[in-house]
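The values are calculated or read from the model by the stated rules, or taken from the named source; none is laboratory data. Everything numeric in this text was worked out from a predicted model, so none of it was measured. Quick reminder, even Gly has a Cβ in these numbers, built from the backbone with ideal geometry, and neighbours come from all protein chains shown.
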Amino acid sequence: MTGSSHEVLKSVFGFHDFRGVQEQVVDRVLAGRHSLAVMPTGAGKSLCYQLPALLRQGTGLVISPLIALMHDQIRSADALGIRAASLTSADGGRAETENRLRAGGLDLLYVAPERATTGAFRRLIAEIPLALIAIDEAHCVSEWGHDFRPDYRQLRSILDERSDVPRLALTATADARTRSDILAQLGIPDDGLIVAGFDRPNIRYHVEPRNGVAAQLKALLASQEGAGIVYAPSRDKAERIAESLSTARRPALPYHAGLDPSVRAGNQAAFVQSENMVIAATVAFGMGIDKPDVRFVAHAGVPKSIEAYYQETGRAGRDGEPAEAWLFWSASDFATARKRIETEVEPERRQGERERLNALAALVETPNCRRVILLRHFGESPPERCGNCDNCLNPPTTVDATEAARKLLSA
Ligand code: ADP
Ligand code: MG
């Protein structure tokens with residue numbers, strides 16, 4: 001394909017402007033340089049490799065960890081007229097895909113890391129011109145990250161076999177240590193790191209000690225219009241919260257992995273369509289759900305890390321209108337989470353998990369701006385006060401802060 005990246009952005013994707021750092025990332029790939037793009041969910045990471053794959057000669061090879069993700073991507077590529085296919089155990093027509101690849105008939109080829117690193121796959125692509133190699137969900141390469149996958153470690157060898165091909169690693173969640181790990185593991189120079197804006201200025205953050213959470217949630221609902229998500233720490237609690245909150249005017253339904261699949265899908269569909277429903281859910285809820293007008297997200301217990309908190313609260317206010325995030329915590333939540341890390345997490349990953357939990361404790365504990373703690377975790381340097389969190393709006397007295405800190409430290 002010929003033309004400038006702006007022309008392709010319009011003609012193929014139908015967008016008038018790049019968003020945030022997209023243009024910077026695209027330009028770097030077009031210049032043939034290796035990069036790591038850290039961009040929040042929904043920021044538009046896919047376009048960062050799809051567009052240059054169309055403009056550079058050859059096929060864009062995309063490493064992706066999940067078949068469902070690949071198939072989603074291929075469906076949306078198809079809709080845009082981009083020629084994309086995957087080679088996975090779930091795909092038929094493998095010979096045909098390989099022939100299309102050899103004939104230069106694919107703009108994008110998706111594979112999982114475990115296939116990408118096999119001898120057979122390396123022989124297949126050895127003679128194929130590659131536009132780029134994209135490594136999606138790149139935090140999986142880091143043992144420090146929250147979702148380490150050993151197969152990602154093996155990718156370096158195929159990257160180095162094609163060292164002339166620009167590589168683009170992409171992730172939504174990577175603290176400083178995970179980032180430097182990704183750069184090192186994938187052979188990307190430090191100046192290839194591009195970090196997008198993580199701030200969600202329309203979300204107002206509130207943190208409160210938990211103290212009869214059913215009553216706290218009811219009070220919240222009384223003051224809060226619109227649809228909302230309440231994250232519960234267990235299936236059981238999701239059920240009970242749904243029951244205690246549900247009213248005729250404002251239904252509340254549960255969502256968790258223990259529900260019959262048809263009930264679960266029905267509850268989700270009802271929520272997505274509704275304007276004022278509440279869904280009381282475990283963390284199973286939210287991935288891939290596109291509801292822009294969620295007005296609040298409440299946590300009836302602490303999430304497992306600051307990154308989980310960011311992701312889950314980030315489901316509020318995607319339409320850019322004012323939205324609220326409420327966290328009801330107890331010192332015992334942190335104690336339980338710490339215990340889980342020490343007993344259930346593999347030893348080499350414990351330190352990372354501890355630090356991500358501690359970052360959340362710092363956010364809960366601070367008498368200062370909560371957003372500052374959140375954004376610093378993602379490598380940004382925000383101004384000292386955001387003006388849109390509970391602490392900025394209602395600065396706590398020193399006594400309260402010390403008390404909260406004392407409780408946390410003794411947990
Ligand atoms: P991510 O992988 O970062 O979570 P996606 O690549 O799935 O995000 O993109 C999220 C949504 O944003 C998609 O619906 C996509 O079409 C849209 N999008 C991407 N880039 C732009 C843009 N420049 N202008 C408008 N919408 C965009
Ligand atoms: Mg993505």
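Below, the figures for the structure above:
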read-out	value
Selection from segment 317-374 of residues that are in a loop (DSSP other than H, G, I, E, B) and either under 19 Å from the mean Cα position of the chain (by Cα) or of a type in the set (D, E, K, R) (or both)	Gly317, Arg318, Asp319, Gly320, Glu321, Glu346
Unmet requirement for Asp78, which otherwise passes all of (1) within 16 Å of ligand 2 (Cβ to nearest atom); (2) modelled with pLDDT of 95 or more; (3) surrounded by fewer than 21 Cβ atoms within 10 Å (Cβ to Cβ)	(1)
Inter-residue pairs, beta-carbon under 8 Å, first over 13 Å from Asp175 (Cβ atoms) and in segment 142-153, second in a loop (DSSP other than H, G, I, E, B) and among the hydrophobic types (A, V, I, L, M, F, W, C), 6+ apart	Asp151/Ala112
Positions within segment 36-60 being away from ligand 2 (no atom under 16 Å from the Cβ) and not hydroxyl-bearing (Ser, Thr, Tyr), in sequence order	Leu54, Leu55, Arg56, Gln57, Gly58
Unique residue being over 18 Å from Ile63 (Cα atoms) and touching a helix residue (DSSP H, G or I) at 6+ places or on another chain (Cβ under 9 Å) when the list is Val25, Val12	Val12
Long-range neighbours under 7 Å by Cβ, at least six apart or interchain, first residue more than 16 Å from Gly226 (Cα to Cα) within segment 283-294, second surrounded by fewer than 18 Cβ atoms within 10 Å (Cβ to Cβ)	Ala284/Ala257; Ile289/Val272
Of all residues making up segment 154-169, the number that are surrounded by fewer than 24 Cβ atoms within 10 Å (Cβ to Cβ) and closer than 28 Å to Tyr309 by Cβ	0
Lone qualifier among Ser64, Ser4, Ser86 - being closer than 22 Å to Ile128 by Cβ and either away from ligand 2 (no atom under 14 Å from the Cβ) or among the aliphatic types (A, V, I, L, M) (or both)	Ser86
Residues within segment 375-396 that are in contact with a helix residue (DSSP H, G or I) (Cβ under 9 Å, 6 or more places away or on another chain), part of a loop (DSSP other than H, G, I, E, B) and over 15 Å from Tyr310 (Cβ atoms), tallied	7
Restricting segment 288-300 to residues that are touching a helix residue (DSSP H, G or I) at 6+ places or on another chain (Cβ under 9 Å) and part of a loop (DSSP other than H, G, I, E, B), the residue that is nearest to Leu220 (Cα to Cα)	Ala300
Among the residues listed as Ala300, Ala281, Ala308, the single one being surrounded by 14 or more Cβ atoms within 10 Å (Cβ to Cβ) and at pLDDT below 95	Ala308
Filter pass, Arg33 being more than 16 Å from ligand 2 (Cβ to nearest atom), among the basic types (Lys, Arg), surrounded by fewer than 18 Cβ atoms within 10 Å (Cβ to Cβ) and more than 21 Å from Leu186 (Cα to Cα)	no
All positions within segment 130-163 that are under 16 Å from the mean Cα position of the chain (by Cα) and over 23 Å from Val195 (Cα atoms)	none
Of all residues making up segment 90-148, the number that are within 16 Å of ligand 2 (Cβ to nearest atom), part of a loop (DSSP other than H, G, I, E, B) and closer than 23 Å to Asp78 by Cα	3
Members of segment 98-126 that are buried (at least 20 other Cβ atoms within 10 Å of the Cβ) and over 15 Å from Ala85 (Cα atoms)	Pro113
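Yes/no per residue for (1) closer than 24 Å to Val364 by Cβ; (2) hydrophobic (A, V, I, L, M, F, W, C):
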site: Ala169; (1), (2): no, yes
site: Leu183; (1), (2): no, yes
site: Asp190; (1), (2): no, no
site: Pro209; (1), (2): yes, no
site: Gly228; (1), (2): yes, no
site: Glu243; (1), (2): no, no
site: Arg249; (1), (2): no, no
site: Gly266; (1), (2): no, no
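Yes/no per residue for (1) aliphatic (A, V, I, L, M); (2) within 16 Å of ligand 1 (Cβ to nearest atom):
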| residue | (1), (2) |
| --- | --- |
| Asp107 | no, yes |
| Ala112 | yes, no |
| Thr118 | no, no |
| Leu124 | yes, no |
| Leu132 | yes, yes |
| Asp136 | no, yes |
